[in-house]
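Colleague: Shown below is the structure under consideration.
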Amino acid sequence: MFRELPLVSGGVCVGQAEYEESQLRLRFRCCLPGRQELCKLWLVGKDGRLLLGTPAPQGDGLYLERSLTRSALAEAGAYPPERVEREPTQTGPDPEPPPNGLPIRPGDPVIAAALAAERPGRWQRVGDAWQVAYPWQLGQPMPLLPLFCFARVGRGEVSFLLTDRGYPAAEG
């Protein structure tokens with residue numbers, strides 16, 4: 001049976017989180033509806049917190065599923081869990097846009113550096129997002145390595161769907 005947890009950002013509820021406890025493990029499911037920028041989710045307990053991970057775009061929002069041992073949560077002070085907190089991946093001023101006349105302005109310095117270092121891709125607008133495609137075959141280095149888990153592999157190419165700020169975007 002799943003138990004609900006508040007999923008908050010700045011003290012405001014921004015999504016849904018729930019967990020199921022079975023013997024030695026707890027399984028978490030988190031959902032942030034709507035188009036949102038890349039973030040981290042932290043599980044918070046009475047005496048500490050533990051990184052749950054980075055939710056991935058899926059459908060109309062960001063989703064994360066993770067299973068952790070009760071002992072790992074207890075060691076971090078996050079057992080029993082009280083809430084899940086959303087934190088943006090970047091704080092501080094926006095970095096300068098990368099060279100090469102890209103159509104987006106990345107908000108994360110790691111993504112900005114990866115785009116600046118990459119060979120030119122084929123950009124096109126897809127709804128509210130930008131799709132960038134690169135020629136690619138198995139065995140070749142993956143373009144935009146920091147975003148590899150969001151890659152969409154096609155015939156002879158790999159593409160990424162990004163927001164105007166360079167974060168992975170949900171299809172929609």
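Colleague: Among the strands (runs of 3 or more DSSP E) lying completely within the range 10-93, list those that include at least 3 residues that are open to solvent by 20 Å² or more (accessible area, probe 1.4 Å), more than 19 Å from T163 (Cα to Cα) and touching a residue at least 12 places away in the same chain (Cβ under 8 Å).
Modeller: Here the list reads 12-22, 25-33, 61-69, 81-88.
Listed here are the residues, each with its yes/no results for (1) touching a Gly at 6+ places or on another chain (Cβ under 9 Å); (2) small (G, A, S).
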{"position": "D47", "(1), (2)": "yes, no"}
{"position": "P55", "(1), (2)": "yes, no"}
{"position": "G59", "(1), (2)": "yes, yes"}
{"position": "R66", "(1), (2)": "yes, no"}
{"position": "R70", "(1), (2)": "no, no"}
{"position": "L73", "(1), (2)": "yes, no"}
{"position": "A78", "(1), (2)": "yes, yes"}
{"position": "V84", "(1), (2)": "yes, no"}
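Colleague: Still on this structure, I have one more. Considering E75, E96, E157, which residue is over 17 Å from the mean Cα position of the chain (by Cα), over 30 Å from R3 (Cβ atoms) and at pLDDT 85 or above?
Modeller: Matching residue, one of E75, E96, E157: E157.
Colleague: Could you please find all residues in the range 141-163 being closer than 16 Å to D108 by Cα and touching a strand residue (DSSP E or B) at 6+ places or on another chain (Cβ under 7 Å)?
Modeller: Narrowing the range 141-163 to residues closer than 16 Å to D108 by Cα: 144-148, 150, 160-163.
Matches in the range 141-163: L144, L147, F150, F160, L161, L162, T163.
Colleague: Give me a count of the residues in the range 129-163 that are closer than 23 Å to P55 by Cα, in contact with an Asp or Glu (Cβ under 8 Å, 6 or more places away or on another chain) and open to solvent by 40 Å² or more (accessible area, probe 1.4 Å).
Modeller: Number of matching residues: 1.
The values are calculated or read from the model by the stated rules, or taken from the named source; none is laboratory data. From a predicted model like this one, the values you see are computed outputs, not experimental measurements. With ideal geometry, Cβ positions are generated from the backbone for all residues, glycine too; neighbour counts draw on all protein chains shown. When the accessible area is computed, the model is the full protein with side chains, heavy atoms only, and any ligands, DNA or RNA have been set aside. Shrake-Rupley method; radii C 1.70, N 1.55, O 1.52, S 1.80 Å.
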